[in-house]
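This report concerns only the one structure given below.
The values are calculated or read from the model by the stated rules, or taken from the named source; none is laboratory data. Because the structure is a prediction, the values reported are computed rather than measured. Note: ideal-geometry Cβ built from the backbone for every residue, glycine included; neighbour counts use all protein chains shown. Surface areas here come from the heavy atoms of the whole protein model, side chains and all, with no ligands, DNA or RNA. Shrake-Rupley method; radii C 1.70, N 1.55, O 1.52, S 1.80 Å.
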Amino acid sequence: MTGILLPAILGLDVVAIAIALGVRPPLGRRVALGLLAIGGILAATLGGFVLAGSGGPGFVLDTGLPTGALHVSVDPLGALFLILAGLLTAAAAVYADGYLAHTDAGVVRAHVAVFALLVAAIVSVLVAADGVAFLFAWEVLAWSAYLAVILDIDDPRVGRAAFLMLAVSELGTAALLAAFVVLGANGFTFPAMIARGEALDEPVRSLVFWALVLGFGAKAGIMPLQLWLPEAHPAAPSHVSALLSAIIVELGLYGIVRFAFAALPTPEIWWGPALTALGAVTAAVAILWALLQNDIKRVLAYSTIENVGLIVAALGLSETFRAAGLAVLAALALVAALYHVSTHAFGKGVLFLAAGSVDHGTGTRDLDRLGGLTRPMPVTSVAMLLGVLSVAAIAPFAGFLSEWMILETFLQSPAVPLLGSRLVLVAAGAVLALTAATAVLAFARLFATGFVGRPRSRGAHDAVEAPRSMRFGMALLLGPLLAIGVLPALALPLVDRAAAGVVGPSVAMQLIPPLFGNAGPYAALVAIGGATFRGLLPGNGLVIIPAPGLSTIVSPTYLVLFEAGFVVLTALGVRAIRRLGRDRRAPAWGGGMSWRHPAAQYTATAYANPLRLIFAALFRSKALLSVPDPAASGGSGALEYEQQAPPPLERELYAPLLRSVSWFADKFKVLQSGDTNAYVGYILLVVVLIVLLRVL
Amino acid sequence: MLHPDADPARVRGHSRGGGATSFSRIEPLAGAIPVSATAELELEGLAIAEWPDRVRRQTHRESVMFADLFGTADPDGGVSLTLLLSLPDGGRWLALRDRIEAESTYPSLVAGGFPAAEWYEREMLGSLGIHPVGHPHPESLLRGAALASADMARFAPLPAGGHVVDFPLGPVRSGIVESGHYGIRTVGEEIVDLRLQLGFKHRGVEQMLAAVAWPLAPRVAERISGTDGVAHSMAAAGALERLLGVDVPLRARQLRSLFGELERLYNHAGYQADLCGATGLAVAQAQFDILKEQILRLAARIAGHRYLFGTIVVGGVADDLDDAALNDVRDTVRPVRDAFEALIDLVATSSSHQDRLQTTGRLTLEEATRYAVVGPVARASGLAVDARRDHPYAAYDALRPTLHVVDGGDAAARSQVRLEEGLASADLVLDLVEELRESAPLPALPSPASRTLPGDTVGFGWAEGARGTELHWVETDRAGAIGRYRVRSASFACWQAFARCVPGDNILTDFPIIEQSFGLSFAGSDR
Amino acid sequence: MQLTWLWRGLRTGVLTTRYPRRPERMPDGWRGTAVLQRDQCVVEGAPPSCVTVCLPRALSVEETGGDRRLRLDHAACIACGLCVAACPRGALSISNEFELAASSRARLISEHRPKGDRAA
Amino acid sequence: MSRTGFQLPLLPGRSPSEPPDTQDRTRALEAKGASEQVGARVRRLFGGSFHLRHVDAGSCNACESELKALANPYYDLHRLGIFIEPSPRHADGLIVTGPITLPMREPLLRTYEAMPEPRLVIAVGTCACTGGIFAGSELVAGPLERLLPVDVYIPGCPPSPLTLLHGLLLALGRVEEARR
């Protein structure tokens, strides 16, 4: 069964490319996207089968290349990502049908073809089972992502952003290549690479680890390689943005787990804390910048960096525990990280699709020009709201449990024997807690200023709801988003199976107490929860205990029930009170006057401004204000106010870097004299150096 | 002073409507008001366009302070424009007057070198319909009926556009405050623009002052701004006394100064209480409130009214104070003075209070001069003006109060100036009590109330209240009835500077502090 | 610093009035409202000077049963005292009464009524 | 102590004591019946706690000064359970000062409208009670009783803090009315 699925998926993708190119839209577009959606569902099904315990399919393709045959297979880790990628692909493909409906026919053909190529590349990366196949798929992915972004070529800034993305990706590939060359000395199959990795000595081991982190981090947007992400993700069409932010970025994390973790099973003691620190800084900086953005998609892109930072911090925690020999905790941290990968993928996917709908329906993504969208765009607004609640980690939505698990795992850091590591972890935990709080602020701002209130511009005033296919695409993701949040007992064993074997044992039973097990003071609730859903759910109950020996427990399922209960009680209470007295409606209090002007609403800029002032030194932000001469416009001129906050590290790192590169290029120009004798001389010099190195 | 060789006792007539009628020179009140304190009128043959140049040529430009600009609708349809200037160095006032047709235009004095005339010209645009040419913001300053009938959309926040939020505040605001509307524009925390809309409390006091029997004018003037009642009634009485040529006995003048200083004292205490309330210094607020209440109770005992209404009448004061009352004043004010002094030190060292005041709502000397602000607001910006010193009235020629001038221009400076002035007022009251003990009792003079006002005459009076100099200007028509009564309150002079010093470095939470630190009255400004 | 304020606040002691539990009174000279001795004045001819001098027009003349008597509206009285000085008969005086509030306008009007009828 | 007295005719055009606008007056009085019931309910419902919202409708600010004085340690309004509220939404009573200038008419009515029922209206100062010296002026829309059903009149120019206390307690039914 699973053996047929894999070729079928890849086959569907290839056929989709052919149809997209060969058949005229709208038919070609619709059929190709439909095939992609089916392929996505099949991929998710395949992943599900593998995680459920079926053996993964495996192939060997002998290509006759000197590097050996290409291996293809699906293991549990890949299967988890296949589920995510499959569902997102299906949603994005359905969504794209409406999104591209009014685009120029020629562009649509290219769009759909490139999109299909991108999907094929994603699947290939996930099923590649040797280093060469992986790198090949990785490169196809990088280039197809580049093409998918630049197809919207109206805007020169888009070209620049896409090129930046490609450049950083290639930089990462160079680092990966170096690491793979070292690891692949005994062959490029994964077992061979792992065996080689185990045998490596210091300092090569560390170099390989950090080369891998650098290589995959470039794709994931870990600081300081995050610069391209907030440029490229908003630039792409929204269904591509969704895949970029929800899947492709996370493939970088997949790579770190697959190679840096699995192939180097005995980490150095400092890797984990360093990784955690990197992740924490990335998360904190990114969320602060997210708060300043007025473009919805930029907010989402910065939030993606923040979540990557959070996951990387958890991965670092896992490495720290592993280095300290705490296998169960290491596995817990990894499960938390992978669970967050899943919740973030669905949440961010929904958000990007909803952002695209807003752009589609109003013609703008500027929060200061939106507002009042809940009435004209109900489905989009609900999708956005659920996505926001999840990504902002509001209980009981999906992001809450995963983020809470990460923070709970951080609370286990006293188990680490080394004081230095403990200090780093404690500091990182504090930074991440602050990040989580700021994320709530950033997303409250997004929804409060962008969707509720009164429309601030013509476009927002005349907003129209997205067409059916776009609505359906968004709805397709809401199901899994709600399910994994509300029923974590269903999802966690799957994640646990994916994580098991990479760094440690299976911990599902630690997370989800056995039915009628010892759950301390909450035993009764645990028992009821288990009994109620017995036979309906594959898991053992509704209650999660985040770490062994800990008395903190949480059950999003119960939370949903209780919260729904509160809502019902409140509604009943309000009704009862209303029956007591006469109901009188009065206009909003406006200081004795009626202010119904949309300009009297708080804007997104105003919402974030206090924080911008507090962190002014960090943001290096400037505000430019020009008050028009009232005489010119009868005293009612519009104020011009603009804020500038350059992206993080742009001035601090990239500008000087570029300057020094040009400076060096300038200096080295003298070497490139064009004189043949000079070049022969250089060659001679290198030969002498090599000989000397050999001799020594 | 325009014509150094001219006889100061005579000012040439002004053609009005037809035949030349003579404006009587405001006669120096022998023995009562120093000669130098009277107004000089240049009433003839000088077009508005020539005013700035004339003023520049014939005065020390830097010592000229803009005081007032107003129009008088003549019965025949013309409008007489009067520019009133203060020349503090010589203790003189200077009035220039020209006549234009109604609904016509004239060269804006804002453009002509009197930037402070901005609101005054906008006020005339609204009330008389005369258009200043070259004015930077030629919209009428809406008040009263015009404000009520104006489209509500006018007060709806203007589309700020983009990132800026309109933050409308008022006219009904929280707490026990006067009504006025602030159109604040913010980008979150920072205030980037402020549009003031006053005039909600316009109740036509000027018209009423002109219509009411003239001896009652001080009673109406008290109700321009209740907490400046003494200053306004003193200015009104002064204007009518100069118009009538009435002499005010020394003791009455001393009593006027006493009441004036008591009013300044309770105002300064109340001001500090409000400011401490704005910064959350609750004990200090209560302490200053106690001092204010003690003075108000003293006033109720000695004058029968907590706000000293009814004390000033044309020609003198309503009641003399006997020795028992004077003792009461001394015994009440002395402990208040000592408490005030102790509180000054405490307030100055309360860091939570001072932190909120320093650099908040800064009004530079340049801006203060530009908008010709008065009173403690001016003195806190380094502008040394005080009608009690520059144009002595009542008993101030002998008292010579010291000026408290500070450079800062911020809320802390305004607070400091008022603290020092409160103490100085208490000292002046104690001095006055001693002098009153020795001065002759109030003579039984015939009341001037039965007299009729001379026709075609101008009377001008002023007083330094707690908020600055209040100016009252009375013109009679040919029959001796009051044809025009003009009130320039200290608050009106300061509000336009307030509107300028809020945007910029200040954040939303600074706003109530800036408002309290100016301590202005809406009622006085709206009239 | 805060302690200094605290100390100062505590040292001030209790100043608060116990009103309404204990009666309060305003100073003797304080002008609370005008008081009209209705019986002492029957108006003849033009409105008397006490009426014309009253700025808020709290005093008026009204006809009751053939008599023209004064009517004083305490709600309008600003207690300036000008009418007292204008009255040659001593029918008007100023009281330091401060409990002036009322729940209806009618209660605030002193007018001539037949003796014995004091219902508001 | 002798007061300087005048005998003065007012200028022509101002006839003493004009009757208030009869139509407005009737409307106000009709509403009054309801408001008295409401007043009784306020006393029953709120007992000791009474929250007030103040609107300055054109006073000379002496009334404001006296209202503020109620918070000082001599009078300490809070000891009686009476509070000044920033928002009319939380207020049981409306204190109005001033003769109701034309521009303040609308904001005043909006404030009243914004208050939950039951609500009391208290006219503070001569201006609010009758228009005071501004009565009959074309520039005022008052007195207050023309616009809103007034529950308690507190006369005085300005009313002393003790008068205000008497009036506020009268609104709560905790003191006797003035007898004259």
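Filter the DSSP H helices in chain A by two things, a Kyte-Doolittle mean of at least 1.6 and an axial alpha-carbon span of 15 angstrom or more, and list the hits by number.
Helices meeting the criterion: A:2-22, A:27-52, A:105-127, A:131-150, A:271-292, A:378-391, A:419-450, A:676-695.
Please calculate the 1.4 Å probe accessible area of residue A:155, with all protein chains present, and give it to the nearest 10 Å².
50
Heavy atoms only, 1.4 Å probe, whole protein assembly: order A:589, A:270 by accessible area, highest first.
Correct descending sequence by accessible area is A:270, A:589.
With just the Cα atoms defining each centre, how far is the stretch A:360-412 from the stretch B:328-363? Give it in Å.
52
Relative contact order (percent) for chain A, with alpha-carbon contacts under 8 angstrom and 6 or more residues of separation?
Across chain A, relative contact order equals 11 percent.
Suppose we look only past 23 Å in the calculated P(r) of the stretch B:225-348. What percent of the Cα-Cα pairs does that tail hold?
36
I'd like the per residue volume of the convex hull spanned by the Cα atoms of the stretch C:27-110, given in cubic angstrom.
Per residue, the Cα convex hull of the stretch C:27-110 comes to 91 Å³.
With only alpha-carbon pairs counted, each pair once and no self-pairs, how large is the Kirkwood hydrodynamic radius of the stretch A:138-238 in angstroms?
So the Kirkwood estimate lands at 14.7 Å.
For the stretch A:267-501, how big is Rg over Rh, using alpha carbon atoms and the Kirkwood form of Rh?
1.04
What's the total accessible area buried between chains B and A, using a 1.4 Å probe, rounded to the nearest 100 Å²?
2600
How big is the C/D interface in buried accessible area, both sides summed, 1.4 Å probe, to the nearest 100 Å²?
3900
Take peptide A:239-250, look around each residue's Cβ out to 10 angstrom, count Cβ atoms belonging to other protein chains, and average those counts.
That works out to 0 on average.
Eight or more residues apart or on different chains, and alpha-carbon atoms under 29 Å: count the Lys pairs in the protein assembly as shown matching that.
Lysine pairs meeting both conditions in the protein assembly as shown amount to 9.
Per residue in the stretch C:73-91, which ones lose no less than 10 Å² of accessible surface when going from chain alone to all protein chains (1.4 Å probe)?
Residues losing area: C:74, C:75, C:76, C:77, C:78, C:80, C:81, C:82, C:85, C:86.
I'd like the distance separating the alpha-carbon centroids of the stretch A:116-132 and the stretch B:225-264, in whole Å.
If we compute the Cα centre of each part, the gap is 95 Å.
Kirkwood Rh and Cα-based Rg: tell me the resulting Rg over Rh for the stretch A:1-158, rounded to two decimals.
1.00
Can you give the calculated 222 nm mean residue ellipticity of the protein assembly as shown, where each DSSP H run of n ≥ 4 adds -39,500 (n - 2.57) and the sum is split over every residue, rounded to the nearest 500 deg cm²/dmol?
The per-residue figure over the protein assembly as shown is -16000 deg cm²/dmol.
Given an 8 Å cut-off on Cα distances and at least 6 residues of separation, report the relative contact order of chain B as a percent.
Relative contact order comes out at 18 percent.
With viscosity set to 0.692 mPa s and temperature to 37 °C, compute the Stokes-Einstein D of the protein assembly as shown, Rh being the Kirkwood radius across alpha carbon pairs; µm²/s, no decimals.
87
Considering only protein heavy atoms, what is the solvent-accessible area of residue B:173 at a probe of 1.4 Å, reported in Å² to the nearest 10?
20
Where does helix C:2-11 land angle-wise versus the long Cα axis of chain C, in degrees 0 to 90, nearest 10?
50
Using only the Cα atoms of chain B, what semi-axes does the equivalent ellipsoid have when each is the square root of 5 times a gyration tensor eigenvalue? Give whole Å, largest first.
34, 32, 20
Tell me the carbon and sulfur percent of the accessible area for the protein assembly as shown, rounded to whole percent, probe radius 1.4 Å.
Of the solvent-accessible surface of the protein assembly as shown, carbon and sulfur hold 60 percent.
With every protein chain present, what is the per residue accessible area of chain B (1.4 Å probe, Å²)?
Normalised by residue count, the accessible surface of chain B is 30 Å².
Could you put C:42, D:152 in order of accessible surface area, largest first, with the 1.4 Å probe and the full protein assembly present?
C:42, D:152
Quick one: the Cα spread of the stretch A:168-309 along its three principal axes, in angstroms, biggest first?
50, 29, 19
Counting only protein heavy atoms and rolling a 1.4 Å probe, how much accessible area do B and C lose on contact, total for both sides, in Å² to 100?
Its buried surface, counting both partners, is about 1800 Å².
With every protein chain in place, what's the accessible area of residue B:266 (1.4 Å probe, Å², nearest 10)?
0
Taking a 1.4 Å probe, which of A:143, B:473 shows the most accessible area, and what order do the others take after it?
Result, largest first: A:143, B:473.
Find out how many positive minus negative residues lie around residue A:352, taking Lys and Arg as positive, Asp and Glu as negative, among other residues whose Cβ is under 13 Å from that of residue A:352.
+2
Working from the alpha-carbon coordinates of chain A, get Rg over Rh, Rh being the Kirkwood radius.
Dividing the radius of gyration by the Kirkwood radius yields 0.99.
So with the 1.4 Å probe, I'd like the accessible area per residue for the stretch A:1-51, rounded to whole Å².
Value returned for the stretch A:1-51: 43 Å² of accessible area per residue.
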